[in-house]
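The values are calculated or read from the model by the stated rules, or taken from the named source; none is laboratory data. Only a predicted model underlies this, so the values are computations on that prediction, with no experimental measurement involved. When we count neighbours, we look across all protein chains shown, and the Cβ atoms used for this are built from the backbone with ideal geometry, even at glycine. With ligands, DNA and RNA removed, areas are computed over all heavy atoms of the protein, side chains included. Shrake-Rupley method; radii C 1.70, N 1.55, O 1.52, S 1.80 Å.
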Amino acid sequence: MLNSREMDEHTNIQENLSQVRNRIAAAARRGGRSPDDVRLVAVTKTHPPEVAAAAFEAGLTDLGENRVGEAADKIPAVQELISPAEGPRWHMVGHLQRRKAGPAIELFDLIHSLDSVRLAERINRLIEREESDLVVPVLMQVNVSGERSKYGFDLPPSASPKDRADFWQAVEQILALPHLRPQGLMTMAPLVTDPERTRPVFYALRELRDELRRNFPQADWHELSMGMTDDFEVAIEEGATIVRIGRAIFGSRTTCQV
Ligand SMILES: *Cc1c(COP(=O)(O)O)cnc(C)c1O
């Protein structure tokens, strides 16, 4: 049963979603792109399975979570609520601890937050141990803003040639792992009041993606996962192929979580 707050959110999802879709389309046009080139991942963290199921039924085929524990409870519960033939694609958008790599590869269709070679090696080893031929699609999370942030490969604007060489080496090590398939990059822009200030960050991620395409054409670097509720329009103008949106669709989160 939904309580009254959740009921309100439920009825608002349709309306919020159509506004978000309009804003996505307008931003795509401003960037000279097709709205179809931008995938919307609805971030359902902190919301109950009923809300995630309602989102799926409202046409949101891609749902995102940021914690493995929460997702491990929620994903099967959502599947119970919707018709069994089809389900959403699940995206892991939050930091992934190495010890949670096993359940994460079972639960998620795309991991946006590959942020170390050690995590990549752990994922690869787990699959090798199972003698499975699974190949996990991943995005490399990169911190291009220069702000101190806990997660992501660090590649600030001030990166030295050595920092850059280290990053290229990490890419090479990850590309050498047979059970991972990098598909692009993810970043989180710093929290700022003026979304315009995030533009250089998104631009830098796209430049980095283009450089990866030139240097490592053996992988498909298509995806740019960037943009959240406060800055998705700027991200789309700068080339986002995936936006990760929670609050603009589901309202603000009552549980304190970033
Ligand atoms: C919560 C979260 C989002 C969505 O944030 P909103 O501001 O609610 O749109 C996107 N990406 C990550 C990594 C998140 O943790």
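Mind listing just one residue for me: the one in segment 31-54 that is open to solvent by 20 Å² or more (accessible area, probe 1.4 Å) and farther than 21 Å from Leu81 by Cβ and, of those, nearest to the ligand (Cβ to nearest atom)? In this case the residue turns out to be Arg39. Of all residues in segment 225-251, those being within 8 Å of the ligand (Cβ to nearest atom), within 14 Å of the chain's Cα centre (by Cα) and of a type outside the set (A, V, I, L, M) number 4. One residue alone among Glu70, Glu106, Glu121, Glu57 is closer than 21 Å to Ala170 by Cα, open to solvent by 30 Å² or more (accessible area, probe 1.4 Å) and acidic (Asp, Glu), and that residue is Glu121.
The set of residues in segment 158-171 being in contact (Cβ under 8 Å) with a residue 12 or more places away in the chain and not in a loop (DSSP other than H, G, I, E, B) consists of Phe167, Trp168, Ala170, Val171. Looking only at segment 185-209, residues that are under 18 Å from Gln141 (Cβ atoms) and open to solvent by less than 70 Å² (accessible area, probe 1.4 Å) come to 13 in all.
Number of residues in segment 223-258 that are without any contact (Cβ under 8 Å) to a residue 40 or more places away in the chain and surrounded by fewer than 13 Cβ atoms within 10 Å (Cβ to Cβ) equals 3.
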